[in-house]
1. Can you name the residue in region 387-406 that is open to solvent by less than 30 Å² (accessible area, probe 1.4 Å) and more than 19 Å from Q358 (Cα to Cα) and, of all such residues, is nearest to the chain's Cα centre (by Cα)?
2. Confirm whether I283 is within 15 Å of the ligand (Cβ to nearest atom) and open to solvent by less than 10 Å² (accessible area, probe 1.4 Å).
3. Kindly check whether there is at least one residue in region 272-282 that is touching a Leu at 6+ places or on another chain (Cβ under 7 Å), assigned by TED's automatic domain parsing to the domain that holds A254 and either more than 30 Å from K408 (Cα to Cα) or among the aliphatic types (A, V, I, L, M) (or both).
4. Counting only residues that are within 21 Å of E410 (Cβ to Cβ) and surrounded by fewer than 19 Cβ atoms within 10 Å (Cβ to Cβ), how many does region 313-350 have?
5. What residue, among those in region 126-152 that are open to solvent by 40 Å² or more (accessible area, probe 1.4 Å) and away from the ligand (no atom under 11 Å from the Cβ), is nearest to V191 (Cα to Cα)?
6. Consider S219 against the criteria (1) out of contact with any strand residue (DSSP E or B) (no Cβ under 6 Å at 6 or more places or on another chain); (2) within 16 Å of the ligand (Cβ to nearest atom); (3) open to solvent by 20 Å² or more (accessible area, probe 1.4 Å); (4) not aromatic (F, W, Y): it satisfies all of them except one. Which criterion is unmet?
7. Please note which helices (runs of 4 or more DSSP H) are completely contained in region 1-58 and include at least 3 residues that are buried (at least 18 other Cβ atoms within 10 Å of the Cβ).
8. Output the residue which, of all residues in region 233-259 that are away from the ligand (no atom under 12 Å from the Cβ) and open to solvent by less than 10 Å² (accessible area, probe 1.4 Å), is nearest to T66 (Cα to Cα).
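The values are calculated or read from the model by the stated rules, or taken from the named source; none is laboratory data. What you see is a predicted model; the values in this text were computed from it and never measured. Here Cβ is always computed from backbone atoms with ideal geometry, including for glycine, and neighbour counts include all displayed protein chains. Accessible surface is based on the protein model in full, side chains and every heavy atom, while ligands, DNA and RNA are left aside. Shrake-Rupley method; radii C 1.70, N 1.55, O 1.52, S 1.80 Å.
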Amino acid sequence: MEKKYYNPEIELLPREELKNLQLKKLQKIVRKVYNKVPHYRKKFKELGIKPEDLKSLEDFKNFPFTTKDDLFVDYPFGLLAEPLEKAVRLHTSSGTTGKPKAIFFSKKDIWAQAKLIARALFMSGATSQDILQNSMTYGLFTGALVMHYGAELLGILIIPAGPGNTERQIELMKTFGTTCIHMTPSYALYVATLIQEKGLKPGKDIKLKRAYLGAEPYSEETRKKIEEMLKVDVFNCYGLSEMGGPGVGFECPAKRGLHIWEDAFYVEIVNPDTGEPVKEGEIGELVLTTLDRTTMPIIRYRTRDLTRFIYEPCPCGRTHIRIERPLGRADDMFIVRGVNIFPQQIESVLMGIKGVAQNYQIILEGYDEMIVKVEINRDFFDGRIERLLKLRDEITEELRKAIQVRPKVELVEPGTLPPSEGKAKRVIDRRTL
Ligand code: DLL
């Protein structure tokens, strides 16, 4: 019989047993950070809490959060729970301001994360017969290397292409018969457009089967667009450097939410303002705890990412909880004329409109003016102005319905806006407010 699960004992573990396992691991990790990390000990003391107070999972909500700021206390080694010599790799993640977050991995941490990735790739249907072109950035960013190790562990042939040089990317795909790609969704849209423009036929000239897309938020409409353009199955992959990089959450073939590997992460969703758990099914901030990390365990990390739990059992049979595709970070939200807007809302409208190409940009300027620049398909520039005006009106109206603000929409030719090879910068705020 065909093996459906990479690690059935864990992936199908009944929830009660999964929770028991989590409690045991949490008790260990809480003891470890209390004993080994002065900053955590101080935080525990401030709340008057001790590791022994963790008797049930319910008790865990009384333990302190870790925020981004905590990562900068006694920077860069302050949160290490083991001597530095145990660490074998450093990854960083550049925040919006100043110093990058520094995350250290021991050998054990590297292979633990690789196993989670191998499990996730297997879940998507990948096997050692696949060829994965890894077009995330190699280097301090976790995106490429962490995926690389996981794919190798599964026996996949990796093409460590890195991002950019799209002509070469396509040549690699053609020459070596790439079956899977790993990149950001914004870059995938760009690559797909170039493939189309070259007149290459997906399925014939390019033999892609799956695209693992993550590292930034994207909408269901974008997924569909990429799936149609490249004739692939797109799997959403979520992660963050603080939790080891990609592979924290991953879609299964049901493609309805991302499973979080709960044997490796304890997951909560809280109200971003109060820090209290949200009501069942409500959107809130994802809070994650590493259960297996040795060198730099992090408890109750406030990711700033907004999502909600999906509680229904998954048709794939896995018992690990699913989250809705992350909406973006609370920080990604911007306010125009008093309305809270996420870039993903705009993307979702644009990518659902026929005629819209792959790239767009949101510019905020003057006194709360919002301009949406949209690249549209080349065949619209055939001199028929009324067609262009109609499309512009349609986009404006659809956006107004979705976000309650009427933006100024500017249509531009494909290739006008800066292409994204990694995480796209969608919003440019030049307001003088
Ligand atoms: O982006 C890790 C990663 C690499 C994930 C490759 C997936 C694939 P950071 O640079 O630390 O790490 O950025 C993490 O990016 O908190 C989210 O806000 C956002 N993000 C990552 N994946 C997704 C996704 C990597 N699938 C931050 N959907 C996270 C929405 C995502 N947002």
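1. Step by step, filter region 387-406, then rank; the result is I403.
2. Working: within 15 Å of the ligand (Cβ to nearest atom): yes; open to solvent by less than 10 Å² (accessible area, probe 1.4 Å): no.
No; evaluated as a whole, the condition is false for this residue.
3. No, because not a single residue in region 272-282 is touching a Leu at 6+ places or on another chain (Cβ under 7 Å), assigned by TED's automatic domain parsing to the domain that holds A254 and either more than 30 Å from K408 (Cα to Cα) or among the aliphatic types (A, V, I, L, M) (or both).
4. Result for region 313-350: 6.
5. Y138
6. Looking at each condition in turn, S219 falls short on (3).
7. In region 1-58, 15-36, 38-46 are the helices (runs of 4 or more DSSP H) which contain 3 or more residues that are buried (at least 18 other Cβ atoms within 10 Å of the Cβ).
8. Ranking the qualifying residues of region 233-259, first place goes to H259.
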